[in-house]
Amino acid sequence: MGSIRWVLAVASLFGATAAVAQTATPAGGQVEEVVVTATRRSESLQDVPMSITALNAATLEQRSVKSFIDYASQVPSLAFGSTGDGSATARTISIRGVSGDNTTGFYIDETPVPDSIDPRVIDVERIEVLRGPQGTLYGARSMGGTVRMITTQPDLHNFSGRVSANGGKTQEASNADYGVDGAVNIPLIQGTMALRAVAFYQHDAGFFKRRFLTNASDVNNLAPNSNPTALGNLPTTTVDDVGRDNSYGAAVSLGIKATEGFTITPRVMFQKSDTNGLLYADGGSYPVPAVVGPLNLHPQGYLQARFFNLPERSKDSWVLASLGAGYDASSFNFVSSTSYFDRTVDETEDETDFLWQFIEAPFDGIPPSQYHAVPIPSTIRELKQIHRFVQELRVTSRLSSPWQYVAGFFFSDTRGRVPYAGYYPPALAPGISQTGGFVVLGIPVNPLNPDEIFAQDYQTKVSEPALYGEVSYAFNEAWKLTGGLRAYRVRTETGGYLEGIAFGGPRITDPNTSTTETGVNPKVALEWKLTPDKLLYGDIARGFRPGGLVPSIPGNSSIDPLGCFGQLQALGYTSADQTKSYKSDHLWNYEVGAKTAWADNRLTVDGAVFFTKWDQIQQLVALTCGFQFRANSGQAKIKGFDLEVHGRPTANLDLSAGVGFQHARISEASPLLQALQVGDRVYEVPDWTANAAASYTIPLTSESGFVGTVTYSYTGDSVSASVDTKNPRLRPGYSLLDARIAYQLRNYELAFVGKNLTGTEANLGDNRSLAAETVGRPRLVVNAPRTLGVEVRAKF
């Protein structure tokens, strides 16, 4: 009955909107048509039987969209948060309540890439967000939906280009932001070959400050149980511009018309960012006892109080090389996409407080002579590498019959490496008490490196071949039936070693292990075109996410330095080896929706209601000792709707709004997540998301005028268990308000831009940290404060 009530509620909303549209007689222009390729063929957005948000190039420019958060906040039913280790690779995307690693596909043109990357939005033709599982055409990791960034392709006939510059000031930052970007298209051989090049550089000033002891030796004068926020009368120093980011990138592509209908497009694009601090606000007071139950996490400003001046850093660089080939025939289109993606993330984090609490602080039964009562400056470094080769071959029909089809072959080979280590500085290592040869606090150390707290070098290889296809049959001009299948095989191989005090001392080797999974993802859809501008549809689709292997959890019955093994026993495990593998999880999605246009296409109303059943959920089990693993356990049911309205009341006024609701609740509890019971919310999923935008044009002459744009977004609160699965926390909801006003004169534009005008400090996730969270001091990923700036653009 609950699901029926939701269908009736949304149906009544559609009816009310339609009634308004039928009585309105707006004057002026129509809603601009957007062409998408979500179904692997070019179609008008309003003709695609799927829930899609599409932002074209003009919209992206008017809203000053530069990064992921700029466009993600404007998509109904899409949420995101920092749920993994580190900074650059921690972000995950959820669509319609399906959250966690690898639940959302992310594509640059034809190439799947990790969903944690943030390509600069430059020279982008449009961004498409597909809601609902896309298991047949896009495969694994698209079980909640898919985000597609479609770039501008080389033009074989026309020379064109543009350049823009920006400058501004972010509140709390002591320095200015500035950047430049540009693109040029050059026909090298008219109608046969063209070069397209894009480049950018951006400097974003740091808006955090770090305060620390001026004299590091004063740490010996601290009172017992002191902390960085209460350093007494000891002299401190504060540095600013923490979190400063310098990023740059470029892309070069060739468009080659080899023969009539046959084109080749090689391209290389890269992006690199270097940040001198992590954009983490401290939450709560410090130190505090462990908190039981939901904790409302509000960021506590932009000061990072620490014992020592240990700069944290994040470097993220990636390269995508691709070769596209296409052949257009009268009855079909053939596409070959070959790509190689390479990414390296190198991050360093201050782990002084964590080690001080868990290793240097007193242990029961250990005399004071064997531990340090004061912190020792320590950092931990993580180096992640990923290399992915992808080959896809696809044929799309162009038949003059009721039958149409899409068929393809997909193969990817992904290899990753995670060297990961934390040390005491060697010069300070002699201060660590050692007894019995190689022992710290009664814990054996690595005899080859006594300073080593934790080190890991783990390598993974995943190969994924798949065959897929969709076939549709049009019974007449009104009714069409589509069916699809994707057969897949996923093989995962892993192996490596772990060592250091956190693992009980000497090296532990995980031998090479492999696992293989096979399966089939089906889809069926029915569409009914009532009139040329009103479409109803319904579909049933299955989505899945591959399983895998993870490194060992440290500890055993005799050596358990951080208490990990005891925590595993509390969850019912008798051996750490039982945590090394997990299987794929899957879901079924049932959906009905509508695509409608009214008042001579001056108003469009698109929406859908859905119900999803998610089985054997891959749960991230985060232990308080700082380690984690994945396991299949529990079920969830998700029901909700998404609705988007776009109107042009007059020729100069463009209005749009969207709302998404996803009631994602646990329907079968997991014994591994004791705090997650039937009826509880799925982690990292807000119930509500909403957005609105208004753009108004004031013509001055035939060649000049003003364009003003205001955008608003709302993300509801959500529950996070990224750090401690026993004590989930409530992440507050937040709203963001942006505005842009531009003066345009022919091909030139001067714009004033305001981002986060209300100065919202949004909690985008309680980060797990590379080591582990310091008790009482959550680190909260936050957005930038209020930013005001100018943009200058020129097109030629």
Seminar exercise, completed: A58 meets each of (1) without any contact (Cβ under 8 Å) to a residue 60 or more places away in the chain; (2) part of a strand (DSSP E or B) with one exception, condition (2)
Problem set entry | Count of segment 504-556 residues which are more than 27 Å from W614 (Cα to Cα) and part of a strand (DSSP E or B) | 15
For this session: Select from segment 529-565 the residues that are hydroxyl-bearing (S, T, Y) and open to solvent by 20 Å² or more (accessible area, probe 1.4 Å) and write down the one among them that is modelled with the highest pLDDT.
Result: T531
For this session: Look at G284 and say whether it is modelled with pLDDT under 95, open to solvent by 40 Å² or more (accessible area, probe 1.4 Å), over 30 Å from S336 (Cα atoms) and among the small types (G, A, S).
Result: yes
Exercise. Listed residues A690, A657, A651; which is open to solvent by 40 Å² or more (accessible area, probe 1.4 Å) and either under 26 Å from the mean Cα position of the chain (by Cα) or among the polar types (S, T, N, Q) (or both)?
Worked result: A657
For this session: Sort out which residues of segment 35-54 are closer than 19 Å to E110 by Cβ and either touching a helix residue (DSSP H, G or I) at 6+ places or on another chain (Cβ under 9 Å) or open to solvent by 40 Å² or more (accessible area, probe 1.4 Å) (or both), and write them in order of number.
Result: V35, V36, A38, R41, S42, E43, I52, A54
For this session: Identify the residue in segment 742-760 that is in a strand (DSSP E or B) and among the small types (G, A, S) and, among all such residues, is surrounded by the most Cβ atoms within 10 Å (Cβ to Cβ).
Result: A751
For this session: Of all residues in segment 576-590, count the ones that are of a type in the set (A, V, I, L, M, F, W, C), closer than 28 Å to F610 by Cα and over 22 Å from the mean Cα position of the chain (by Cα).
Result: 1
Seminar exercise, completed: Scanning segment 22-38 for residues that are assigned to a loop (DSSP other than H, G, I, E, B), modelled with pLDDT under 95 and of a type in the set (S, T, N, Q) gives T25, Q30
Problem set entry | All positions within segment 761-780 that are open to solvent by less than 30 Å² (accessible area, probe 1.4 Å) and of a type in the set (V, I, T) | T774
Problem set entry | Which listed residue, of R96, R131, R91, R126, is modelled with pLDDT under 95 and not hydroxyl-bearing (S, T, Y) | R91
For this session: Output the residue which, of all residues in segment 492-512 that are of a type outside the set (A, V, I, L, M, F, W, C) and touching a Leu at 6+ places or on another chain (Cβ under 6 Å), is farthest from A474 (Cα to Cα).
Result: T494
Problem set entry | Matching option when the condition is touching a residue at least 40 places away in the same chain (Cβ under 8 Å) and within 29 Å of G86 (Cα to Cα), among T596, T689 | T689
Exercise. Restricting attention to segment 71-87, which residues are open to solvent by less than 20 Å² (accessible area, probe 1.4 Å), outside any strand (DSSP E or B) and at negative phi?
Worked result: Y71, A72, Q74, V75, P76, T83, G84
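This table checks each residue for (1) among the basic types (K, R); (2) surrounded by fewer than 19 Cβ atoms within 10 Å (Cβ to Cβ); (3) at pLDDT 95 or above.
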| site | (1), (2), (3) |
| --- | --- |
| G431 | no, yes, no |
| G437 | no, yes, no |
| D451 | no, no, no |
| A474 | no, yes, yes |
| T482 | no, no, yes |
| G504 | no, no, no |
Exercise. If Q46 satisfies every condition in (1) modelled with pLDDT under 95; (2) more than 26 Å from the chain's Cα centre (by Cα) but one, which is the exception?
Worked result: (1)
Exercise. Does any residue of segment 330-345 turn out to be modelled with pLDDT under 95, open to solvent by less than 40 Å² (accessible area, probe 1.4 Å) and not in a strand (DSSP E or B)?
Worked result: no
Exercise. Restricting the first residue to segment 290-317 and requiring it to be open to solvent by 50 Å² or more (accessible area, probe 1.4 Å), which pairs with a second residue that is of a type in the set (S, T, Y) and at pLDDT 90 or above meet a Cβ separation below 7 Å and a spacing of at least six or different chains?
Worked result: R313/T275; R313/T348
For this session: Within segment 632-653, identify whether any single residue is β-branched (V, I, T), touching a strand residue (DSSP E or B) at 6+ places or on another chain (Cβ under 8 Å) and farther than 18 Å from I95 by Cβ, and answer yes or no.
Result: yes
Exercise. So L568 fits all but one of (1) in a helix (DSSP H, G or I); (2) open to solvent by 20 Å² or more (accessible area, probe 1.4 Å); what number is the exception?
Worked result: (2)
Exercise. Residue check: is V121 open to solvent by 10 Å² or more (accessible area, probe 1.4 Å) and not in a strand (DSSP E or B)?
Worked result: yes
For this session: Determine, yes or no, whether K613 is under 17 Å from L673 (Cβ atoms) and either of a type in the set (S, T, Y) or surrounded by fewer than 24 Cβ atoms within 10 Å (Cβ to Cβ) (or both).
Result: no
For this session: Scan the strands (runs of 3 or more DSSP E) fully inside segment 619-692 and keep the ones with 1 or more residues being closer than 26 Å to P732 by Cα and among the hydrophobic types (A, V, I, L, M, F, W, C).
Result: 635-650, 653-668
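The values are calculated or read from the model by the stated rules, or taken from the named source; none is laboratory data. These numbers come from a predicted model, not from an experiment. Cβ: placed from backbone, ideal geometry, glycine included. Neighbour counts: every protein chain shown. The accessibility values were calculated without ligands, DNA or RNA, using every heavy atom of the protein model including side chains. Shrake-Rupley method; radii C 1.70, N 1.55, O 1.52, S 1.80 Å.
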